[in-house]
Amino acid sequence: MIITCPSCVTRYLVDPAALGETGRMVRCAVCSHTWVETPPDDMPKRVDMAVASPETQPIPPGSNLPALPHQHGAKDWIGWAALAVVIAAVLGGAVAARDRIVQAWPLAERLYVLVGLVEPAPADFFELRNVKQSTFVENEHTVVVVTGEIVNISAETRPIPKVFAKIYDENRRVLKRWIVTPAGSELAPGAIAAFSDRFVDPPFHANLIVSLERGG
């Protein structure tokens, strides 16, 4: 049978036999109110049985409905994993195609530098000055000599970047590319490092150009 606390209206499910033939004092487990609960009028004759505790737990709300377990776990992790894969793919594509992206949108280079995906361009901190080229014949070979200076225009001491020399033909095709090594390993702000290199027997109408670039 179901009994109800007169004070807080909490309902309890109890065995009628626990009330005896004349009723008994019971106490609410929620508000501690006590009262005398009598058995129902149609209570059958007494039988010997174990007496249930008067402090029976209240019927939980919605106890007539089946409990539905809270299912998170696997689905949540699958969703987060899928999102991580998508983000990684986008970042990977942005890194792999950074040269084309920078070529199409030059301002993107600063964004790549800020997030550490590419190194700053050497031209941001250094300048090439007094670059000169001379040609002469030595032992029946034509020799082209290029000289110049690299200047640290930043406010910090920095490692000297690589200076690249390129030989172009008349159609602007690169015939040869190599590294020219300036003197020293680093430059203080405003300091200058000289460099010099030579190329033997360049093609006819070839041009030699030096520049500061990333990479090796």
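Listed values, structure above:
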item: Under the Karplus curve 6.51 cos²θ - 1.76 cosθ + 1.60, θ = phi - 60°, whole-Hz ³J(HN,Hα) for the range 30-41, x wherever Gly or Pro sits; result: 8, 10, 6, 5, 10, 7, 9, 10, 9, x, x, 5
item: Three-way shape call for the range 122-212 based on the alpha-carbon gyration tensor, with the a/c threshold at 1.5; result: prolate
item: Distance-filtered residues of the range 127-159 - backbone nitrogen under 11 Å, label point 7 angstrom along ALA188 Cα→Cβ; result: 157
item: Cut-off 16 Å, label 7 Å out along Cα→Cβ of SER154, residues of the range 180-201 by amide N; result: 185-193
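Every read-out reported here was derived from the displayed coordinates using simple, explicitly stated rules and does not represent laboratory data. In this text the structure is predicted, and so the values were computed from the model without any measurement. Every residue, glycine as well, gets a Cβ built from its backbone with ideal geometry; the counts of neighbours run over all protein chains shown.
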